[in-house]
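Below: one structure, written as structure tokens.
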Amino acid sequence: MIKKPDFTKINDTLWEISTSYKEGMNVPVRVYATKKILDSMDLAVFDQASNVATLPGIQKYSYVMPDGHSGYGFPIGGVAAFDLNEGVISPGGVGFDINCLVGDSEILTEHGYRLKIKDMVDGRIKVSLPVLTKKKAHNAEILLYLRRKARDDVYEITTETGHVIKATLDHPLLTPTGMKEIKHLEKDELIALYPFKGVEYTEPNDDEIISPELLREVMKKIGLSDQSIKSIMNELKKRNLHEIKRNSPLLSTLIKLLAYSIGNGTVYMTEKRVSSAFWGRREDLLTIKKDIEKLGFSANIYKRDRRHRISTRYGEVRFEITEYSLHVPARAFAVLLVALGCPIGNKANQVFQIPNWIKESPKWHKRLFLASYFGAEMSSPKEMNKHPYNFYMASVSVNKTSRFIESGLKFMYEIKEILSEFGIKSTIANPEKEYSGRHGDTYRIRLHVLSNPENLIQLYQTIGFEYNIEKTKRANAVIVYLLIKENMIKERTMIAQLAKEKYKSGTSTIQIIKEIMEETKGEYVNPRFVIRSIYEGRKTMPRIPTKYNNFKEFYKDSTKNLNNGAVWVKIRNKEKVKYDGYVYDFTMNHHAHNFIANGFVVSNCGMRLVRTDLTFDEVKPKLKELIEKLFKKVPSGVGATGFVKISKDEFKKVVEEGSRWAVEHGYGWEEDLKRTEENGCMEGADVNKISQRAITRGYDQIGTLGSGNHYLEIQVVKEENIFDKEAAKKLGIFPNQVVVMFHCGSRGFGHQIATDSLNVFLNVMESKYKIKIRDKELACAPFNSPEGQTYFSAMKCGMNMAFANRQVILHRIREVFSEVFKSDPEKLGMHQIYDVTHNTAKVEKYLIDGNWKEVIVHRKGATRAFGPENQEMKGEYYKLGQPVIIGGSMETGSYLLLGTKKAEEETFGSTAHGSGRTMSRAQAKHQFRGDQLQKDMEKRGIIVKTDSLSGLAEEAGAAYKNIDDVVEAIDKAGISKKVVRFVPVANIKG
Amino acid sequence: MYRYIDELTSADVAFEAIGKTREEMFSEAGIALLGVMVRDPKKIEPKKKTRIRKKAESVEKLLFDFLDELVFLKDAKQMFYSKFEVNIKEKKEKEKTVLELDAFAYGEKIDPKKHDIVIDAKAVTMHHFKVEKTDKGWRCQVVIDV
């Protein structure tokens, strides 16, 4: 079930879906449409557009044009631009694959709670998982779950820490030499373990935590003016933060920010402003910044070198440090924190406790609170100086001036209480005078988490840290260290016991030593230990051997090359197990991989418009002859071969040169190139990157129209349909004029390229990049990989073929008109107005956040719409702006518009491309009959020539959106300006 | 046996093909593909024979490649195919099992006057692509880009 989005109306023709609609959205979705169009759009469009919004490197917004309808992964009528370095070239970012884990395996999620895989699979619970790459830990959304029955290939791996993983042979684990499948792993090999466990998941109820009433109350209390209150409420409403329930997807992030702010942040008021700030290490502040930006607020990091001087009980201390801080200017954000429970101003001088609603939260929310508070405030895990195998207690503290000590103690007791719910023991020390500063005596109240191994393990394993990468790394290493140490002590104790028993039962000492050493391979004990166990009788637990690393060395070795909180541990055991159930397969969306996906830019469908000097009165008597001749001369339909007969070798030149090839071989005029997008040739097309198969399929098709929604139409300008008289004149349009418009692409050639690439990617993805995909239609490879670059070049070949195709068809049209009207095409004034493309990915430059940036703009079923004085349009239409051609259904007609500066500013220079279907082909086939339709249209004055009456039914006008509505929407939105509307009088359909 | 699934996509055509054996399913899928393009597949006479050989590691990939070949031949040789004799073998290559398809496709040159052509099959997509073994035999689901 797709959730209906809450649209925020920006204006009558622009609607926004906020990032809270779906987890993982990096930017909001913006839909250009009138309300009428918006209400009739199918939900799948918004689902897809919001998926696009989760892609890495996406800039500004994920756009949907008024003709939007659902496509494959990316909506048709969709526009998105991606940063060249961080982004993808097209949809379908994919990451690591967690192959085939058994259903009971528990997965740790981004918010620190555990779920069993089999419970996640119904997709009900949307989760992100920490993805481990060698460099960093990321959270990535799960895109796909596959499930199959286990096939006698399930293995169990036990590590030296006692962790167990049950998975199939092809499940990959991270080793120091890269990802390796279980089938290749041996005992004693090192694998990366992420020892944090988190807590079980419980569904939060829908109690309200934040309401508009509460917010108003809080703001009044702070002393904000009515004006400010109104304005802040609007800001919060815009971001869907005015009403927050316990089960809101945003709450996890808010809890973390609240807790961190209580630990190492502040909300402060200056005169009438209220804002907030956080302190910490730069790397952590960056994480916090991203979270705040996801909520819709901006935040900036500042650096300051500070000198401190304070008197402590150790004497006066002076030090200089570089301090990083993150500032959030938005009042709304600060107010929200206060409403959640954050105190304003200096915490040392006031009463505050843990907010009640936190105390009543599900366990995993409490865990988030503690983990973030500890991330800000708790001491970093540290081994003792004199006993390097043991650790100091983990401590947090608050400073309070003498008046508020009681509140500080209460706060600590609250922390202690919550910790005990997790089975973690702690003590609170007596308040101690810390220093005398400017504000009087300040006392420090400390809480210590006891440092016995079980307690520390429990602390770091279930609570851990949020917003503190360094502490997380150390804590994870401590868990592993202590577990190994525990395990070692346990083993040694068992061995000591075993030795004694063997001795008791009469085995000789030498024999005992031999047996034990053989069995344990010297891992835990040496012969001397065995002897002492037998003779000296142990009263205390055996200590760890001196050859064992102290923590400092352990930390260094066990986290070598791992910067993500994982720790290297040895495999203790690997064995095949009987397992009869299902195994699960995941695919995740992960931004460490930039991908180029297939099936996106396929055929370079485009529209070309050519004018004539002829009036409809002149053409009408010859219309039938004209259309019959065109039907003969411009092949269309399935299996048609083009009139341009060339060899495969020559075809190779075509795909590298595009329209230029056609013009040079006599198919057209030089000026045609200047009036074509990209001058009719995409630079960088490399014929060596396409398969023989594609060439074989395509080389016979130059000069064919295609079928389906491809067509050639003779149209008329009615005076009342000229909206912009001046622009029309400049474009050579006049009342009663006859023009020709046609829509086609690169035919089978482009499709074969897409299919070939799909196959290449699928092969390479599994063997080389270890990637499975969400939707096999969106196979992909890293942009910078040889496969990615190959595809990019191949794609351009497809586009050039389409340009050439349209160029030669234009030539044919001129020839036919010339024959029928017995005059030269030049004398008939048959100049091309323009040629636009509909499905492209292009590198263009835009101003984003004040900087000029090169991005890859994807227009899928969308048209470029550059405004006047755009560098790209130097020459022909520089002053006017780029002509935009938008086709409707065969019954309604089409439009000519001009691009605008607004389009460049708002939608990466893009606008709609056509009507978009509203009815499926099957429905249309049931509702309409081709022959009847043809008769009806003739009655209305439109001649339709086709070899496929059955196909005609599917193209009935009623199966498409009303083009007038679509054009109205984009004109009103200012991203294109109407110039003239054309009415069809004759049509060729393939 | 095959049928068209109207609810699956709006701008394209989806079909489901069933067979008692894998080979039968492939054959039915080939006819279903033809049925996307022409009103009545029976109007295409099985006059000319073309051999199709494919190799793949999964039955899904094998079916995809088989149907893709038919789409390719439609454009490259301007041929429609209405009858199929399909043979699928399993072979062990190195450590993996590989499926080999050896088929004969029978059809004739595309003739718009004779064949009631509906629409062009531009490509076989992986969208909702499925091949599964059922207790009655084999079933596949394919979406064709038109």
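The values are calculated or read from the model by the stated rules, or taken from the named source; none is laboratory data. This is a predicted model, so every value here is computed, not measured. FYI the Cβ positions are ideal-geometry reconstructions off the backbone, even for glycines, and counts take in every protein chain you see. SASA here: full protein model, heavy atoms, side chains in, ligands and nucleic acids out. Shrake-Rupley method; radii C 1.70, N 1.55, O 1.52, S 1.80 Å.
Structure values in brief
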{"quantity": "Residue check for B:Val86: in a helix (DSSP H, G or I) and β-branched (Val, Ile, Thr)", "calculated": "no"}
{"quantity": "Inter-residue pairs, beta-carbon under 8 Å, first in contact (Cβ under 8 Å) with a residue 24 or more places away in the chain and in the stretch A:171-191, second polar (S, T, N, Q) and surrounded by fewer than 16 Cβ atoms within 10 Å (Cβ to Cβ), 6+ apart", "calculated": "A:Pro176/A:Asn561; A:Lys187/A:Asn573"}
{"quantity": "Set A:Lys853, A:Lys845, A:Lys827: member being at pLDDT below 95, under 20 Å from A:Leu673 (Cα atoms) and open to solvent by 10 Å² or more (accessible area, probe 1.4 Å)", "calculated": "A:Lys827"}
{"quantity": "Filtered residues of the stretch A:669-719 (kept if closer than 27 Å to A:Leu626 by Cα, assigned to a helix (DSSP H, G or I) and of a type in the set (Lys, Arg))", "calculated": "none"}
{"quantity": "Test: A:Tyr877 is closer than 30 Å to A:Leu952 by Cβ and crowded, with 18+ Cβ neighbours inside 10 Å", "calculated": "no"}
{"quantity": "Conditions (1) among the aromatic types (Phe, Trp, Tyr); (2) open to solvent by less than 30 Å² (accessible area, probe 1.4 Å); (3) more than 11 Å from chain A (Cβ to nearest Cβ): number failed by B:Tyr2", "calculated": "(2)"}
{"quantity": "Total residues in the stretch A:404-445, condition of a type outside the set (Asp, Glu) and either in contact (Cβ under 8 Å) with a residue 60 or more places away in the chain or under 26 Å from A:Val199 (Cα atoms) (or both)", "calculated": "22"}
{"quantity": "Selection within the stretch A:267-305 - closer than 22 Å to A:Gly375 by Cα, of a type in the set (A, V, I, L, M, F, W, C), open to solvent by 20 Å² or more (accessible area, probe 1.4 Å) and touching a residue at least 24 places away in the same chain (Cβ under 8 Å)", "calculated": "A:Trp279, A:Ile301"}
{"quantity": "Of all residues making up the stretch A:624-645, the number that are assigned to a helix (DSSP H, G or I), open to solvent by 10 Å² or more (accessible area, probe 1.4 Å) and of a type outside the set (D, E, K, R)", "calculated": "1"}
{"quantity": "Residue count, the stretch A:704-740 (criterion: in contact (Cβ under 8 Å) with a residue 60 or more places away in the chain and more than 14 Å from chain B (Cβ to nearest Cβ))", "calculated": "22"}
{"quantity": "Unique match (being open to solvent by 30 Å² or more (accessible area, probe 1.4 Å), of a type outside the set (Ser, Thr, Tyr) and in contact (Cβ under 8 Å) with a residue 40 or more places away in the chain) among A:Asn356, A:Asn349, A:Asn385", "calculated": "A:Asn349"}
{"quantity": "Qualifying residues in the stretch B:95-111 (those that are open to solvent by 50 Å² or more (accessible area, probe 1.4 Å) and within 14 Å of chain A (Cβ to nearest Cβ)) - the one modelled with the lowest pLDDT", "calculated": "B:Glu95"}
{"quantity": "Count of residues meeting criterion [open to solvent by less than 10 Å² (accessible area, probe 1.4 Å), more than 14 Å from every other protein chain (Cβ to nearest Cβ) and not hydroxyl-bearing (Ser, Thr, Tyr)] in the stretch A:944-984", "calculated": "12"}
{"quantity": "Residue match in the stretch B:12-26 (condition: facing chain A (nearest Cβ under 9 Å) and open to solvent by 20 Å² or more (accessible area, probe 1.4 Å))", "calculated": "yes"}
{"quantity": "Check on A:Gly375, within 23 Å of A:Lys473 (Cα to Cα) and touching a residue at least 24 places away in the same chain (Cβ under 8 Å)", "calculated": "yes"}
{"quantity": "Test: residue in the stretch A:65-86 that is at pLDDT 85 or above, within 14 Å of A:Ala912 (Cα to Cα) and either within 14 Å of another protein chain (Cβ to nearest Cβ) or open to solvent by 10 Å² or more (accessible area, probe 1.4 Å) (or both)", "calculated": "yes"}
{"quantity": "Pairs with Cβ under 7 Å, 6+ apart, first in the stretch A:211-224 and part of a helix (DSSP H, G or I), second surrounded by 14 or more Cβ atoms within 10 Å (Cβ to Cβ) and among the charged types (D, E, K, R)", "calculated": "A:Pro212/A:Glu243"}
{"quantity": "Residues within the stretch B:48-75 that are part of a strand (DSSP E or B) and open to solvent by 20 Å² or more (accessible area, probe 1.4 Å), tallied", "calculated": "7"}
{"quantity": "Tally of residues being surrounded by fewer than 19 Cβ atoms within 10 Å (Cβ to Cβ) and within 14 Å of another protein chain (Cβ to nearest Cβ) across the stretch A:920-943", "calculated": "6"}
{"quantity": "Selected residue [among the β-branched types (Val, Ile, Thr) and within 42 Å of the chain's Cα centre (by Cα)] from A:Ile457, A:Ile516, A:Ile489, A:Ile512", "calculated": "A:Ile457"}
{"quantity": "Those residues of the stretch B:27-44 which are at pLDDT below 95 and open to solvent by 30 Å² or more (accessible area, probe 1.4 Å), in sequence order", "calculated": "B:Arg39, B:Asp40, B:Lys42, B:Lys43"}
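Yes/no matrix, rows are residues, columns are (1) assigned to a helix (DSSP H, G or I); (2) hydrophobic (A, V, I, L, M, F, W, C); (3) out of contact with any helix residue (DSSP H, G or I) (no Cβ under 6 Å at 6 or more places or on another chain):
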| residue | (1), (2), (3) |
| --- | --- |
| A:Glu905 | yes, no, yes |
| A:Phe908 | no, yes, yes |
| A:Gln923 | yes, no, yes |
| A:Ser950 | yes, no, no |
